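Report on the structure given below.
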Amino acid sequence: MQDFTDKVAVITGGASGVGRSLAFALGRRGAQIVIGDVDSAAMEQVSADLEAEGIRAVVAHCDVTQLESLNSLADEAEKAFGAIHLMFANAGIGAGESGAMWDYSDKDWQWCLNVNLWGVINSIKAFMPRLVALDEPTHFVITGSGNGALLVYPDQPIYTATKAAVHTITENLHYQVQAGNLKVKVSALFPGPHIVDTGLFNSGRVRPEALQKDSKGNESGINSVDDMKRMAAEYGIELQTTHPDEVAEMAVEGLMQDAFWLLKTTAETDAKIRARTEMIMNRTTPVPDQVGG
Ligand SMILES: NC(=O)c1ccc[n+]([C@@H]2O[C@H](COP(=O)([O-])OP(=O)(O)OC[C@H]3O[C@@H](n4cnc5c(N)ncnc54)[C@H](O)[C@@H]3O)[C@@H](O)[C@H]2O)c1
């Protein structure tokens, strides 16, 4: 897709972070934006900011854990702007887990699986039939994470599990559209190359009442990228970060080339991916610092 003028782009989790930046990157190129999110305050803000830039947009409440909510978002998008050309299954949360996974509350697992995994499954169910039926060049973009898809960071077992599953779903979706000779292109978006400065580390702000934390002992103590920077500094490490606008630009450039991998890495990450592959080929026992995060 070379020209985004008048195209309709739906973005879940578009009120903050990567999704918000995608909305502006595409809106500034003439696309019509539909955002689905659950964070009312951030939704109001993004709505006002898009309007201030003259970007045509609808910002609606949509909980990706509920298929019906995504069906309604798709209906709303079509009603406002017509057929959907770009779907970004982007909403995601960090469960904030730490410590031994056998001590985690089921609610931590449920919340993260509901949003990160079922959110993607529901997005596919609600939007793919519409993109397929349109029979025009369209894109279905799923936001994954190198943490789970490419590497296994040792401290976030729940998040990693969801993103590993999300990646296999994304790759299979890509194979299925190819097998069906469909006009939908599937892409895997990996925010990076460094930790992206977003609200992900403060996901508790949108944690549903029914799945509030009910156990102690799994508090990571990290609620923002600044917390991470501080913690890294204690170990003498200067944590580098990426602005979400950079991720959005990388994604848009990749979409213009119909790329599957919307992935920017560092030399360090590349080395870890190579080491991990070699570890598998050589049946070497994993060592987290060498092949994980
Ligand atoms: N920040 C990073 O370093 C990083 C790295 C790799 C992958 N990611 C992924 O990027 C995606 C976007 O996250 P972000 O980093 O921009 O964080 P963010 O918190 O800034 O944005 C996520 C958005 O999702 C929304 N959301 C949460 N639960 C929802 C639900 N049930 N229904 C609808 N919306 C919901 C939030 O309200 C928020 O607006 C996520 O899938 C995340 O896993 C982020």
Discussion item. Can you say whether Gly148 is surrounded by 17 or more Cβ atoms within 10 Å (Cβ to Cβ) and either more than 8 Å from the ligand (Cβ to nearest atom) or modelled with pLDDT of 95 or more (or both), as far as the supplied structure shows?
Written reply: yes
Fill in: Residue pairs meeting the criteria (Cβ under 6 Å; at least 6 apart or on separate chains; first closer than 17 Å to Leu26 by Cα and of a type outside the set (A, V, I, L, M), in the range 77-102; second assigned to a loop (DSSP other than H, G, I, E, B) and at pLDDT 95 or above)
His85/Lys7; Asn90/Gly13
Worksheet item: How many residues does the range 216-259 hold that are in a loop (DSSP other than H, G, I, E, B), surrounded by 12 or more Cβ atoms within 10 Å (Cβ to Cβ) and of a type in the set (Gly, Ala, Ser)?
Response: 3
Response to the item:
(1) assigned to a helix (DSSP H, G or I); (2) in contact (Cβ under 8 Å) with a residue 24 or more places away in the chain all hold for Ile142 apart from (1)
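Take Glu268 and decide whether it is within 16 Å of the ligand (Cβ to nearest atom) and exposed (fewer than 12 other Cβ atoms within 10 Å of the Cβ). Let's see the steps before the verdict.
On the way: within 16 Å of the ligand (Cβ to nearest atom): yes; exposed (fewer than 12 other Cβ atoms within 10 Å of the Cβ): yes.
Spelling it out, Glu268 is indeed within 16 Å of the ligand (Cβ to nearest atom) and exposed (fewer than 12 other Cβ atoms within 10 Å of the Cβ).
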Worksheet item: Which residues, counting only those in the range 75-110, are more than 19 Å from Thr198 (Cβ to Cβ) and touching a strand residue (DSSP E or B) at 6+ places or on another chain (Cβ under 7 Å)?
Response: Glu76, Ala77, Ala80, Phe81, Gly82, Ala83, Ile84, His85, Leu86, Met87
Worksheet, complete the sentence: Flagged in the range 152-165 as touching a helix residue (DSSP H, G or I) at 6+ places or on another chain (Cβ under 6 Å) and either in a loop (DSSP other than H, G, I, E, B) or free of Cβ contacts under 8 Å to residues at least 12 places away in the same chain (or both), in numbering order, are Val152, Tyr153, Pro154
Discussion item. If I filter the range 51-73 down to residues being surrounded by 22 or more Cβ atoms within 10 Å (Cβ to Cβ) and among the aliphatic types (A, V, I, L, M), which single residue comes out as farthest from the chain's Cα centre (by Cα)?
Written reply: Ala57
Discussion item. Looking at Thr168 and the list (1) hydroxyl-bearing (Ser, Thr, Tyr); (2) surrounded by fewer than 20 Cβ atoms within 10 Å (Cβ to Cβ); (3) touching a residue at least 24 places away in the same chain (Cβ under 8 Å), which single condition is not satisfied?
Written reply: (3)
Worksheet, complete the sentence: Counted residues in the range 219-245 being within 14 Å of His194 (Cβ to Cβ) and in contact (Cβ under 8 Å) with a residue 12 or more places away in the chain come to 10
Discussion item. Being over 25 Å from Ile11 (Cα atoms) and surrounded by fewer than 18 Cβ atoms within 10 Å (Cβ to Cβ) is the requirement here; does Lys213 meet it?
Written reply: yes
Worksheet, complete the sentence: Only one of (1) more than 15 Å from the ligand (Cβ to nearest atom); (2) modelled with pLDDT of 95 or more; (3) under 23 Å from Pro286 (Cβ atoms) does not apply to Ile158, and that is (1)
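The values are calculated or read from the model by the stated rules, or taken from the named source; none is laboratory data. Bear in mind the structure is a predicted one, so any value in this text is a computation, not a measurement. Note that each Cβ is placed from the backbone with ideal geometry, even for glycine, and that neighbours are counted across all protein chains shown.
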